[in-house]
Amino acid sequence: MIGKNLSFVAWFVAIQSSRTSDAFTPAALSSPTTPSTRASLVRVFSSVEDDELFNLVGKRSQIRRKKKEELPKEEDFDESVTASLEDFDLDSTDIPTFNTKRSKRQPKKKESDDEQEDSSPSNANDASMYKDYLADYDDENDFHVPNRIGVSTRCWGDEREGFVPSGKLKKKQLREGKFVPGDLQMAYNSLMEKGIMLYETSPAYGRAMSKMKLSAEDILATCIRENEVSEVPPLIIDTFDNQIWQRTGKALTAALSASCDKMDQPVVDVYQTKSIGWLPSGGIIKGMADAIVDQGTTNYVGVQGVSPLRLRRLNQKLEKVGLSVTTNSFEFSLVDRKKEKWIDACKSLGVVPLVRNPLGSGLASGQYTATNPSGGVSSAGSKFSFTVLDKYQPLHSVLESIAERVKTRLVRDRRELKRKDRRDGPDQQINTDITTTQVAWNYVIAKGAVPLAEVNSPSDAEQLMGCLGWSLLDEEVSMLESASDLCK
């Protein structure tokens, strides 16, 4: 009887052992699994040869556990934050102040020969997409104008000059040469990409459109903001009206600050004032000094329409306060060469001569001729009378002749360059379809001045970009001046 009881007990213990070790019991399925348990589960459907899989399962659990252990503890994080906050004194007087005023920029200083080699315009523009064909031009001072060409915004925002604020043009308006803000944006983008970066503006340009934010300064600000082609900022020349009731230093600096705010620019490169005249210039000189030294709202100062004698006197007064005249802008063209001596005077004084109206209102462009009075522009009438156009026929004929000469020379030079394969860097697409307008612009450059061309459309920008990469020969300049003398 005892033997039967012992066998029954042994049988009962065996049954209980098998139930507790079964991996498929409800308790086993509902409880969290460990690597060994998961291994036993997998082993039911796998053989002993699959031990490598079991090792990988266990190794993954070890990696997860190790990463979790490497994380910073919450107590340590709280202590570090608390320590940093304890070091920061909210009542301290050393807290930095935040400056909300316009950033100041000092005028550029002349550098030594060694420094100029490292910071020459050609080296500074290596990262730019455009090519400065006249980077080695003998500049009169340290204000370098890339490619010796600038743009005048005189017609921007002026409905009398063909500006249409609505943004839409009819076919008739297109034939008449009218333009909209979108045309100016496209022109600006193209010019900046090619390296024509100097823009001359004034609060007087398009003043009637100021309330609509469509004055010349407003449009230029929009062009700069919306441009995504060039990362290099433009060079801006702004103008002080210099009326009799404004001839004080505070009036000049206030007008300059207002222009900077309107164009959303911290500084303009050159701030020029109109002709000083016979009135005292002490207030203007003080305002120029304050704008550069104290406020830093401009890098250089210039004048507009100042004769060589007065320019020399004004330069002497500015030298007493550590400044000098940087630019002098005036009108000059093939049909108006009376101020040719002004260019020589500017160069002798170290002043960059800027030429306004370099095409003589279109009469020096060769676009309007006695045989083509309309100039290809559909309008109510001819811009010039036949008598005037016939008077300048010798000049217009020579302009066409020079355009053909330059075209032939450029085509020959390109063919020769391609044959000898002496190109440096990327191939520059120099224009070979030369026009008389481009000859007139390059004539001003050949005389040593910087033309301020009026660009009001993408087609005008294409014309101006066609001036890059070539220049007139001395013989061709003499031919143009001889023809101009015949027209007097």
Could you state the principal axis extents of the C-alpha atoms in segment 165-235, from the largest down, to the nearest angstrom? 36, 26, 17
So, by mean Cβ neighbours within 10 angstrom, what's the order for 448-459, 225-236 with the highest one leading? 448-459, 225-236
Long-range amide H partners of V455, meaning residues 5 or more apart or on another chain whose placed amide H is closer than 5 Å, are S152
With charges set only on the Cβ (+1 for Lys and Arg, -1 for Asp and Glu), what does the dipole of segment 330-421 come to about its Cα centre, in debye to the nearest 20? 420 debye
Label K286 and V377 with points 7 Å out from Cα along Cα→Cβ: what is the distance between them in nm? 4.5 nm
Cα centroid of segment 188-241 to Cα centroid of segment 132-166, whole Å: 10 Å
Quick one: which residues, 5 or more positions from L198 or on another chain, have an amide H under 5 Å from its amide H? H modelled 1.01 Å from N in the peptide plane, none for Pro or chain starts. V151, L235
Quick one: net charge of K170's neighbours, Cβ under 12 Å, K/R +1, D/E -1? +4
Sites K407 and S275 - FRET efficiency at Förster radius 35 Å, r taken between beta-carbons, to 0.05: 0.30
Expected vector for segment 330-342, Karplus 3J(HN,Hα) from phi with 6.51, -1.76, 1.60 and θ = phi - 60°, integer Hz, x for Gly and Pro, equals 7, 8, 6, 6, 5, 9, 8, 9, 5, 9, 5, 5, 5
Which net charge results for the neighbourhood of T222, defined as the other residues with beta-carbon distances under 15 angstrom from its beta-carbon, given Lys and Arg at +1 and Asp and Glu at -1? -4
Would you mind estimating how fast segment 158-205 diffuses translationally, via Stokes-Einstein at 20 °C and 1.002 mPa s with the Kirkwood radius over Cα pairs, in µm²/s? 176 µm²/s
Could you run the Karplus curve 6.51 cos²θ - 1.76 cosθ + 1.60 with θ = phi - 60° over segment 230-246 and give me ³J(HN,Hα) per residue in whole Hz, x for Gly and Pro? 10, 8, 8, x, x, 9, 10, 10, 10, 10, 9, 4, 6, 6, 4, 7, 10
Return the Rg/Rh value of segment 308-360, two decimal places, where both radii are evaluated on C-alpha atoms and Rh is the Kirkwood radius. 1.04
Rounded to the nearest 0.05, what FRET efficiency is calculated for Q243 and K341 with R0 set to 35 Å and r the Cβ-Cβ distance? 0.80
Amide H neighbours of S275 under 5 Å, counting only residues 5+ apart in sequence or on other chains, H built in-plane at 1.01 Å? Q304
Amide N of segment 310-351 lying under 18 Å from the label point, which is placed 7 angstrom from the Cα of V293 along Cα→Cβ: 314-326
With R₀ set to 30 angstrom, the calculated FRET efficiency between the beta-carbons of L174 and D485, to the nearest 0.05, is 0.20
Taking 0.36 nm per residue of separation between Q393 and D474 and subtracting their Cα-Cα distance, the length gained on full extension comes to 27.0 nm
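None of the figures in this text is laboratory data; all of them are computed from the coordinates on show. On a predicted model such as this, the values are computed, not experimentally measured, just so you know. Every residue, glycine among them, receives a Cβ derived from its backbone with ideal geometry; neighbour counts consider all protein chains shown.
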